[in-house]
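Here's the structure we're looking at; comments come further down.
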Amino acid sequence: MTLEFKQVEKRAGAETHIYPTDLKLEDGGFNILLGTTLSGKTTMLHLMAGLDRPTSGQVWFNGKNVTGAPVQKRNVSMVHQQFINYPNFNVFENIASPLRIQRTPAAEINKRVASVAELLNLAPLLKRSPHELSGGQQQRTALARALVKDADLVLLDEPLANLDFKLREELRDELPKLFENRGCTVVYATSEPNEALLLGGHTATLHEGQVTQFGRTEEIYRRPKDLRSAQVFADPPMNTAPVAKRGDTFVLNETVNWPTMERQRTLSDSAYTVGIRPHHITPVAGRGHAVPVEGEVLITEFSGSESVIHFRIGERTWVSQSQGIHPFEIGSRAQFFIDAANCIYFGPDNELVSA
Amino acid sequence: MTVKLTNQKAWFLVAPVVVLVAFNAVIPLMTVVNYSVQESFGNNIFFWEGVKWFEEVLHSERFAASLMRQIFFTSVILLIEIPFGVAIALSMPRKGPWVSVCLVLMALPLLIPWNVVGAMWNIFSLPDIGLLGKALNSLGIGYDYTQEPISAWFTVILMDVWHWTSLVVLLAFAGLSSIPEAYYHAAKIDGASPWAIVRYIELPKMKRVLIIAFLLRFMDSFMIYTEPFVLTGGGPGNATTFLSIDLVKVALGQFDLGPAGAISLIYFLIILLTCWLFYTLTMKDEAQ
């Protein structure tokens, strides 16, 4: 089960929704499409499903060119952000609907619906109608409909976005397990970097209709290919600033500089862009290479046991994310520590030079 | 020690509405109730009659006949307008510049005053000079709505369908437009047929607006007066004398205020009861 995009492009009028893309999705794996709203995630899914036809390029599935083949012929299933179920079918009939259209024998339908319902904890709700279910149960029904079909390709378009926090966590834990050992390729679109990290698998970062990078999820997080991919895969956003390498030091400004790490010794002396994830700038010095910087506190946000502090050095705004509550006065000057060991550097074309 | 906990000032805020509703609904309705239980003479002389007028009306063949005509008329136009309106809404474009063109064309008949609609169809259907009447007659169909009950019924029904199907279309179209596109994607992925999409997605999603469309069309058609009055005047004979036309004849033609009051109340109760029953039954399993 491989899905391959060969120079797939999607335009609508003068607008380009997806720039020519080459992408080969993992054999029977869990793939994530990560990008902000309007980055083209849904368009990508529609192209994969065959709901939309690419303007140019080819879509290959299992070694066959399926460009332009209608969606019904592709054995695809999809779960949407809204909870989509047939309004006047009960849960059983909803789950059974794709099998009924395939004219599966009744005994087989009963067996398969029962086993999927069991898996998704829907067994006691089979007789209910969708409007009698909670949001989480409605989405479970939609997931069950996608599962029961034994599709080769399962597309999930932000399926958890409309659920409340607790249900989202619960279902997110179950999702990868549901699709394990089913031999289907799963594509999961999300706008939340943390969700991508929690789900694992492979990730494609999407920015304004372009796939900026594709690879193992942790790998992309640790070693983004370029600044764009790093920015897509960061929440809160990554801090970036120009630095200059002079011998064994990186110079941020007259007062702030830090020594290069072992792996950066070979870089030539010139201008770079440094990328620092917010949790690598903390109000308390961590172990290792803590570089003190001083700035003016602009905004403080506390969530449970975490502080997010926005502060300013010169004209540039920085974000620090740290454990514990650090109640700084707004407008006051405060000291933060940059973890120099975890800085990543991008070259003049925003390509990664050192992570 | 008593402490007045409730603030009574809020009554001042409701007072304007109470006055408005009193003049608008309660007082006229009570006047009708008064007429219906009394014998009214000139110089404001009244005699108490109890339920006499109600008994008389309920046993009157004339009332039964116009009620039957009314029920038949309303049933026929509902059976035509609801499915026809839904069918038109389903076949309208959903996107692009043609949407507004279609909507404006659909809304046109609704913008024409009722008495003008009656006058238009009166002339349009005249057997000697009207386009419709002349065309039908030249096809060899004996058509004359001023003489022939079947022709009159045909014209009245055609006029109502022309005037009011648009309302159903607009409501059904609003219902259709509110269906998220993802439903169509899901159906396409399942491989559902076009008919299955209509039957299992579009119709259930339109249910609420169709109930409203049905109720509006039921009430309006059951109370229809101006258009048939201008078109046929209730004739030929009494062939198209619907309840409201009959009521006006009784109240203003014969000046029988007692029976007219009784008819009004019975008429009102029929509409109220039907709407309530229909709404309760259809919304029964919609309870959240």
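The values are calculated or read from the model by the stated rules, or taken from the named source; none is laboratory data. Everything numeric here is computed off the predicted structure, so don't read it as measured data. Neighbour counts run over all protein chains shown; Cβ positions are idealised from the backbone, glycine included. Heavy atoms of the whole protein, side chains included, go into the accessibility calculation; ligands, DNA and RNA do not. Shrake-Rupley method; radii C 1.70, N 1.55, O 1.52, S 1.80 Å.
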Seminar exercise, completed: Only one of (1) within 29 Å of the chain's Cα centre (by Cα); (2) at pLDDT below 90; (3) in a helix (DSSP H, G or I) does not apply to residue A:51, and that is (3)
For this session: Considering only residues that are outside any helix (DSSP H, G or I) and more than 15 Å from residue B:57 (Cα to Cα), look in segment B:22-45 and name the one that is least open to solvent (accessible area, probe 1.4 Å).
Result: B:40
Exercise. Listed residues B:140, B:130; which is on the phi > 0 side of the Ramachandran plot and out of contact with any Ser or Thr (no Cβ under 6 Å at 6 or more places or on another chain)?
Worked result: B:140
Exercise. Which ones in segment A:212-239 are in contact with a helix residue (DSSP H, G or I) (Cβ under 8 Å, 6 or more places away or on another chain) and open to solvent by less than 50 Å² (accessible area, probe 1.4 Å)?
Worked result: A:212, A:213, A:217, A:220, A:224, A:229, A:232, A:233, A:234, A:236, A:238, A:239
For this session: State all residues of segment A:45-65 that are away from every other protein chain (no Cβ under 14 Å) and within 16 Å of residue A:153 (Cα to Cα); if no residue qualifies, say none.
Result: A:59, A:60, A:61, A:62, A:63, A:64, A:65
Problem set entry | strands (runs of 3 or more DSSP E) within segment A:226-287 that include 2 or more residues without any contact (Cβ under 8 Å) to a residue 12 or more places away in the chain and farther than 23 Å from residue A:215 by Cα | A:249-251
For this session: Might you check whether a residue that is over 30 Å from residue B:282 (Cα atoms), facing chain B (nearest Cβ under 10 Å), of a type in the set (Lys, Arg) and open to solvent by less than 60 Å² (accessible area, probe 1.4 Å) occurs anywhere in segment A:70-83?
Result: yes
Seminar exercise, completed: Within segment B:46-69, the residues that are surrounded by 11 or more Cβ atoms within 10 Å (Cβ to Cβ) and acidic (Asp, Glu) are B:49, B:55, B:56
For this session: Answer with yes or no whether residue A:50 is touching a residue at least 40 places away in the same chain (Cβ under 8 Å), small (Gly, Ala, Ser) and open to solvent by less than 50 Å² (accessible area, probe 1.4 Å).
Result: no
Exercise. Just a yes or no: is a residue in segment B:268-287 within 14 Å of chain A (Cβ to nearest Cβ), of a type in the set (A, V, I, L, M, F, W, C) and open to solvent by 30 Å² or more (accessible area, probe 1.4 Å)?
Worked result: yes
For this session: May I ask you to list pairs of residues, at least six apart or on different chains, whose Cβ atoms are under 6 Å apart, with the first in segment B:189-203 being within 10 Å of chain A (Cβ to nearest Cβ) and the second being modelled with pLDDT of 85 or more and open to solvent by 30 Å² or more (accessible area, probe 1.4 Å)?
Result: B:190/A:101; B:191/A:101
Problem set entry | Close pairs (6 angstrom Cβ cut-off, 6 or more residues apart or separate chains): open to solvent by 40 Å² or more (accessible area, probe 1.4 Å) in segment B:80-95, polar (S, T, N, Q) anywhere | B:84/B:165
Problem set entry | residue A:135 vs. criteria within 14 Å of chain B (Cβ to nearest Cβ), modelled with pLDDT under 90, surrounded by fewer than 21 Cβ atoms within 10 Å (Cβ to Cβ) and within 26 Å of the chain's Cα centre (by Cα) | yes
Exercise. All but one of (1) at pLDDT below 90; (2) open to solvent by less than 90 Å² (accessible area, probe 1.4 Å) hold for residue B:6; which doesn't?
Worked result: (2)
Exercise. Which of the residues belonging to segment B:229-267 are open to solvent by 80 Å² or more (accessible area, probe 1.4 Å) and either part of a helix (DSSP H, G or I) or within 14 Å of another protein chain (Cβ to nearest Cβ) (or both)?
Worked result: B:229, B:252
Exercise. If you scan segment A:288-335, which residues turn out to be without any contact (Cβ under 8 Å) to a residue 12 or more places away in the chain and in a loop (DSSP other than H, G, I, E, B)?
Worked result: A:304, A:315
Exercise. Out of (1) within 25 Å of the chain's Cα centre (by Cα); (2) in a helix (DSSP H, G or I), what's the single condition that is false for residue A:94?
Worked result: (1)
For this session: Kindly state which helices (runs of 4 or more DSSP H) lie completely within segment B:103-200 and contain at least 2 residues that are surrounded by 14 or more Cβ atoms within 10 Å (Cβ to Cβ) and touching a strand residue (DSSP E or B) at 6+ places or on another chain (Cβ under 7 Å).
Result: B:181-190
Problem set entry | From the options A:90, A:121, A:110, A:181, residue that is surrounded by fewer than 18 Cβ atoms within 10 Å (Cβ to Cβ) and under 28 Å from residue B:203 (Cβ atoms) | A:110
For this session: For segment A:95-140, name all the residues that are touching a Gly at 6+ places or on another chain (Cβ under 9 Å) and not polar (S, T, N, Q).
Result: A:98, A:101
For this session: Go through segment A:100-118 residue by residue and tally those that are part of a loop (DSSP other than H, G, I, E, B) and within 14 Å of another protein chain (Cβ to nearest Cβ).
Result: 3
For this session: Kindly indicate whether residue A:97 is within 11 Å of chain B (Cβ to nearest Cβ), touching a residue at least 12 places away in the same chain (Cβ under 8 Å) and of a type in the set (Gly, Ala, Ser).
Result: yes
